[in-house]
C-alpha cells in the first residue's frame, strides 16, 4: 500500500522537515555527490568535471571542444603541461582519443603528451569499442604507436585488441596486427583476443585469426579454449544466437582441431587448467601445429 502525505500540518512534522532540509545543504556537508563524481561515468561532462576548477578545467574544456591552439596555450601555464591529470587519472590525450579527435591527438603529442597516459588510463585502450569508427581509430592507433604507445595499453581493464576481437571487428584486428599487436598472448588479466572473439561467437573472426598466425591451442586463465567454446556454441546456434556464417566458421574450426589430432569432445576448462599446471598444454602431440 502506498502511503500519501499530501498535506503536512503538524508543527512537529514541519520542524523535522526543516531540520532535514538544513542538514542536507552543502553547508553541512550532506549534499549528494554530483553526478560526475564517478570514475566510471564516461560522459563529456564527467570528464570535464574530473579536472580541478580553474585553469586545469579550462584546459580540459578546450581539449573537449577541439580548440587546439587554446588547449596548447592553456597547458603552457600548468605545472604538468599537457600531461596534467584529472581527479581519476584522466589525461588530455585520453580525452582527445575518447572524442576521436585526430587533430587534437596530433597537437597534444607534438606538445609532449605521454602517449601511454597514466596507469590504467592508456589512451589507446579507448579504441575500437563497439561504437567506434574503425578507420578513424586505426589512424589514431597508428599515431599513438608511432609516438611510443604500448599497443596493449590498458584503459580501465580495456585494451584495443580485445575490444576489436570481442566485436568480431576484422578490419580493426587487421589494423592492430599491422601495428604489432600480439596475436596469441595478452597482458596479465586478459584473454588472448582469439578467445574473446570465440566467447562473442564471432567465429569468422576466429577463423581469420587462425589464418593469420592465431593458435588453435589458445587458452585463457580459466581454461577456455577454442575447442570447448566451439562445442558449447552448438547449443547457442540451435537457439538462434549464432549467425549462420559464424556457425559455418565454427564448424571449420572444429574440423581444423580434429585434423590437428585434438581430442574430441574437447577437454573441459578444468581439465585444461590441470594440463597447464603440469606443462601439458598445448597437447604435446599437437604443440607444433
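Would you list 273, 176, 224 from fewest to most Cβ contacts within 10 Å?
273, 224, 176
Find the Rg to Rh ratio for the stretch 198-289, where Rh is the Kirkwood radius over alpha-carbon pairs and Rg uses the same atoms. Can you show the working numbers first?
Working: Rg = 12.7 Å, Rh = 13.3 Å.
For the stretch 198-289, the value is 0.96.
Give the Cα extents of the stretch 132-289 along the principal axes, in whole Å, largest first.
Reported extents, whole Å, longest axis first: 45, 38, 27.
For the stretch 92-197, rounded, prolate or oblate, judged on the Cα gyration tensor with a ≥ b ≥ c (square roots of eigenvalues), a/c < 1.5 rounded, else prolate if a/b > b/c?
Numbers: a/c = 1.82, a/b = 1.49, b/c = 1.22.
Prolate shape, in that a/c is at least 1.5 and a/b is the bigger ratio.
Could you list 69, 137, 246 so that the one with the fewest beta carbons within 10 Å of its beta carbon is first and the one with the most is last? Before the final figure, lay out the partial values.
Values: 69 9, 137 26, 246 23.
The most exposed by this proxy come first: 69, 246, 137.
Given the convex hull over the Cα atoms of the stretch 140-222, what projected area results after averaging over all orientations, in nm²? Before the final figure, lay out the partial values.
On the way: hull surface 20.7 nm².
For the stretch 140-222, averaging the hull's shadow over all directions gives 5.2 nm².
What shape does the stretch 48-114 take by its C-alpha gyration tensor, where a ≥ b ≥ c are the square roots of the eigenvalues and a/c under 1.5 counts as rounded, a/b above b/c as prolate, and the rest as oblate? Please report the intermediate quantities before stating the final value.
Values: a/c = 1.41, a/b = 1.22, b/c = 1.15.
Rounded, since a/c falls under 1.5.
What FRET efficiency comes out for the pair residue 52/residue 188, r = Cβ-Cβ distance, R0 = 25 Å, nearest 0.05? Before the final figure, lay out each step's value.
Values: r = 33 Å, r/R0 = 1.31.
So the FRET efficiency works out to roughly 0.15.
Evaluate 2.2 N^0.38 Å with N set to the residue count of the stretch 120-174, then give the Cα radius of gyration divided by it. Walk me through the numbers on the way to the answer.
Values: Rg = 9.9 Å, N = 55, 2.2 N^0.38 = 10.1 Å.
The value comes to 0.99.
By count of other Cβ within 10 Å, fewest leading, how are 65, 229 ordered? Provide the component values of the computation, followed by the final result.
On the way: 65 15, 229 24.
Lowest count first: 65, 229.
Values in this text are rule-based calculations from the coordinates and carry no lab data. Since the model is a prediction, treat every value here as computed from it, not as a measurement. Methodologically, a virtual Cβ is constructed for each residue, glycine included, from the backbone with ideal geometry; neighbour enumeration extends over all protein chains shown.
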